[in-house]
């Protein structure tokens, strides 16, 4: 499994909402750093990470929230150190991008990103982003595209994700957990596995 050249890997902004959906977040982030896969380049800003930090305890629960956040943030910053974008791009006036999400689009523009992956598609109108040269994906669509491009690497991502959990999770169990958010991706993988 050869790592694709950087020029062939889409540069992706993972929207803050996906940081709170661990199965999907872990697939996307693992696809960005796992040696032998590296299907995407994850780009981020301090503003994006601050948005996640502000909501961490409320969304994930208060129990040991500060400790869990510190552990997650440390690993994220380490794995994606080269993806940090210090200065955001100014956005042109107009469009229907939600005000609270404009910093995400500004990050994508500053990073020269391919696009944004999010669960909140209505906050990132496809036409407005297309005018800026950006794509917007639901994670189900992006995962299907990544799998179509390199099924071996995506299987490595899924298997690694399951093996890293305590207790470890089988591929079938990992797909079960992903199926509520990425049902078509799960169908794609299951169909391919069944035909082997």
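A compact table of results
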item: Condition check for residue 68: without any contact (Cβ under 8 Å) to a residue 12 or more places away in the chain, surrounded by fewer than 15 Cβ atoms within 10 Å (Cβ to Cβ) and part of a helix (DSSP H, G or I); result: no
item: Which numbered condition residue 143 misses (of (1) assigned to a helix (DSSP H, G or I); (2) at pLDDT 95 or above; (3) more than 19 Å from residue 21 (Cα to Cα)); result: (3)
item: Qualifying residue in the stretch 44-52 (condition: touching a strand residue (DSSP E or B) at 6+ places or on another chain (Cβ under 8 Å), in contact (Cβ under 8 Å) with a residue 12 or more places away in the chain, more than 29 Å from residue 179 (Cα to Cα) and not in a loop (DSSP other than H, G, I, E, B)); result: yes
item: Residue within the stretch 112-124 that is surrounded by fewer than 16 Cβ atoms within 10 Å (Cβ to Cβ), at positive phi and part of a loop (DSSP other than H, G, I, E, B) present; result: yes
item: In the stretch 146-164, the residues that are under 19 Å from residue 118 (Cα atoms) and not in a helix (DSSP H, G or I); result: none
item: Identity of the residue in the stretch 185-196, assigned to a helix (DSSP H, G or I) and out of contact with any helix residue (DSSP H, G or I) (no Cβ under 8 Å at 6 or more places or on another chain), that ends up surrounded by the fewest Cβ atoms within 10 Å (Cβ to Cβ); result: 194
item: The stretch 165-184 - residue that is closer than 24 Å to residue 10 by Cβ and assigned to a helix (DSSP H, G or I) and, of those, nearest to the chain's Cα centre (by Cα); result: 178
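Quick grid of which residues meet (1) surrounded by 16 or more Cβ atoms within 10 Å (Cβ to Cβ); (2) without any contact (Cβ under 8 Å) to a residue 12 or more places away in the chain; (3) under 26 Å from residue 180 (Cα atoms); (4) under 14 Å from the mean Cα position of the chain (by Cα):
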position: 9; (1), (2), (3), (4): yes, no, no, yes
position: 12; (1), (2), (3), (4): yes, no, yes, yes
position: 19; (1), (2), (3), (4): yes, no, yes, yes
position: 27; (1), (2), (3), (4): yes, no, yes, yes
position: 31; (1), (2), (3), (4): yes, no, yes, yes
position: 37; (1), (2), (3), (4): yes, no, yes, no
position: 58; (1), (2), (3), (4): no, yes, yes, no
position: 76; (1), (2), (3), (4): yes, no, yes, yes
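The values are calculated or read from the model by the stated rules, or taken from the named source; none is laboratory data. On a predicted model such as this, the values are computed, not experimentally measured, just so you know. Positions of Cβ are generated from backbone atoms using ideal geometry, with glycine treated the same way; all protein chains shown enter the neighbour counts.
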